[in-house]
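One structure is given below, encoded as structure tokens.
The values are calculated or read from the model by the stated rules, or taken from the named source; none is laboratory data. These figures come from a predicted structure and were not determined experimentally. Cβ atoms come from the backbone with ideal geometry, glycine included; neighbour counts cover every protein chain shown. We work out accessible area using only protein heavy atoms, side chains counted, and drop any ligands, DNA or RNA first. Shrake-Rupley method; radii C 1.70, N 1.55, O 1.52, S 1.80 Å.
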Amino acid sequence: MKTPVALSVTAAKPGPKGPKVIGQRRGRLLLNRTAILAAAVVILFAVSILLGSYTVTVPDFFKILFAHLTGGDKIPGASFIVMENKLPRAVIGTMIGLAFGLAGALFQTMLRNPLASPDIIGISYGASAAAVVSIVVFGATGAAVSGAALGGALGVAAVIYTISSGGVMRGTNRGDAAGNRLILTGVGIAAALHAVVNFLMTRADIRTAADVLVWLNGSLNSANWDRAGVLALSLAVLIPAVVAIAGPLRILELGPDAAAGLGIRVGATRLALVIIAVSLAAVATAAAGPVSFVAFLAGPIARRFTGKASLPASALVGALIVLAADYVAANLAPLLLDGTALPVGVITGALGAPFLLWLLVTANRKDA
């Protein structure tokens, strides 16, 4: 009789996770967290419209919206507050947040420097100086001020890029040094423009100076459907341009030498990125003034939340910052300041200054 042979079965041990599996998990995590940011934007958008000093129920909001679209009977008072104040304010706040967030992320990714944003490198100051000149010297208002701000931002960006373009256009490691030179050039020009703005403020009468100060801080108080339409049209052109340049930008993150080896025209790509990023910052500034630190904050916060640099996440974080700051400035600040509402830029500036100091401290610890 044969003795049964014992069969030993060894369970296969799972092997190490391959790069493909890890990449898929990171991709799902990025997608999930970006979806969370999108949901948060929708919630804050609804809060901005429904809550605050004048509350509106959801059924009343849709009733007001339907009446506005169809020309039906309007609710006295409520229709004006919702359709001419709260809704355009929330729409413009969302769009300028998206634009500033994208602009900051494009600059920071292209130059591989978290300090590279329109606030830091002087583009916002160019818009501010041009707008102040138009108000104080020429007495401009409304769309003329926005047009001057747009032209000032584009003009200053061209000057900064021209001065620092000695290495930015090259596909070598010197391009990194040129990126730092672009930032330093922008800081210097911003300081000069800041002095110009201060001089003009001292020459203006009290009423004009008050109007200029509100604009310089960035405010959504003058939000209307005309500005919303112009801004929406601008973003309809610029956002597809961002989508088109996103692929070369990811390759450019590897460094100018590696990007050139992979067939990327480094100089032309960087020039296109600068034009798109400056245009985004310029149209947002023209719509609501230089809302400080939104472009600077959006990219790093999105990177820490999603674990990876992401243009959509940066745009959504920018919208979140603007919507949250505007709600605090318009509804919570008056409770603490005897009814005084603040421009949205005051709140974002209060957030950005300590974040900048924290970023510098953490950078010094890494270098130590």
(request) Consider the candidate values (i) 1.02; (ii) 0.92; (iii) 1.18; state which one is Cα Rg over 2.2 N^0.38 Å computed from the structure displayed. (result) (iii)
(request) Give the relative contact order (percent, whole number) for the chain; include only Cα pairs under 8 Å separated by 6+ residues. (result) 27
(message) Which residue fluctuates most in the GNM of the chain (Cα springs below 10 Å): P114, P240, P256?
(response) P240
(request) Would you work out which of S117, G188, F62 lies farthest towards the positive end of the dipole of the chain? Charges go on Cβ: Lys and Arg +1, Asp and Glu -1. (result) S117
(request) Compare L351, L29 by solvent-accessible area with a 1.4 Å probe and give them largest first, with all protein chains kept in place. (result) L351, L29
(message) Pairs of alpha-carbon atoms within less than 8 angstrom and 6+ residues apart define the contacts here; what relative contact order does the range 17-98 have, in percent?
(response) 25
(request) Roll a 1.4 Å probe over the protein heavy atoms and report the accessible area of T162 in Å², nearest 10. (result) 100
(request) May I ask you to give the solvent-accessible area per residue for the range 82-172, in square angstrom, as obtained with a 1.4 angstrom probe? (result) 30
(message) Give me the count of lysine pairs in the chain whose alpha carbons sit under 23 angstrom apart, restricted to pairs 8 or more positions apart or on different chains.
(response) 6
(message) Using Cα springs under 10 Å in a Gaussian network model of the chain, which residue among L220, L65, L200 shows the largest mean-square fluctuation?
(response) L65
(request) Have a look at M110, M201, M95 and tell me which one the Gaussian network model of the chain (Cα, springs below 10 Å) gives the largest fluctuation. (result) M201
(request) Can you sort T34, T285 by 1.4 Å-probe accessible area, starting with the largest? (result) T34, T285
(request) Would you work out what percent of the accessible area of the chain, with all protein chains in place, is carbon or sulfur (probe 1.4 Å)? (result) 68
(request) Report the longest stretch of the chain that contains none of the trypsin sites (Lys or Arg not before Pro) sitting in a DSSP loop with at most 12 other Cβ atoms within 10 Å. (result) 18-368
(message) With θ taken as phi - 60° and the coefficients 6.51, -1.76 and 1.60, list the Karplus ³J(HN,Hα) couplings across the range 184-199 in order, rounded to whole Hz; mark glycine and proline as x.
(response) 5, 4, x, 5, x, 5, 4, 5, 5, 5, 4, 5, 4, 4, 4, 4
(message) Is the C-alpha gyration tensor of the range 59-106 telling us rounded, prolate or oblate? Criteria: a/c under 1.5 is rounded; beyond that, a/b larger than b/c is prolate, otherwise oblate.
(response) prolate
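Only helical DSSP H runs with n ≥ 4 go in: add -39500 (n - 2.57) per run for the chain, normalise by residue count and round the 222 nm mean residue ellipticity to 500 deg cm²/dmol.
Using -39500 (n - 2.57) per qualifying helix, the result is -25000 deg cm²/dmol.
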(message) Given R₀ = 45 Å, what would the calculated FRET efficiency be for T141 paired with L357, taking r from the Cβ atoms and rounding to 0.05?
(response) 0.75
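Rounded if a/c is under 1.5, else prolate if a/b is larger than b/c, else oblate: which is the range 200-244, with a ≥ b ≥ c the root eigenvalues of its Cα gyration tensor?
Since a/c reaches 1.5 and a/b is larger than b/c, the shape of the range 200-244 is classed as prolate.
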(request) Can you work out the accessible area per residue across the range 201-276, with the rest of the protein chains kept in place, probe 1.4 Å, in square angstrom? (result) 54
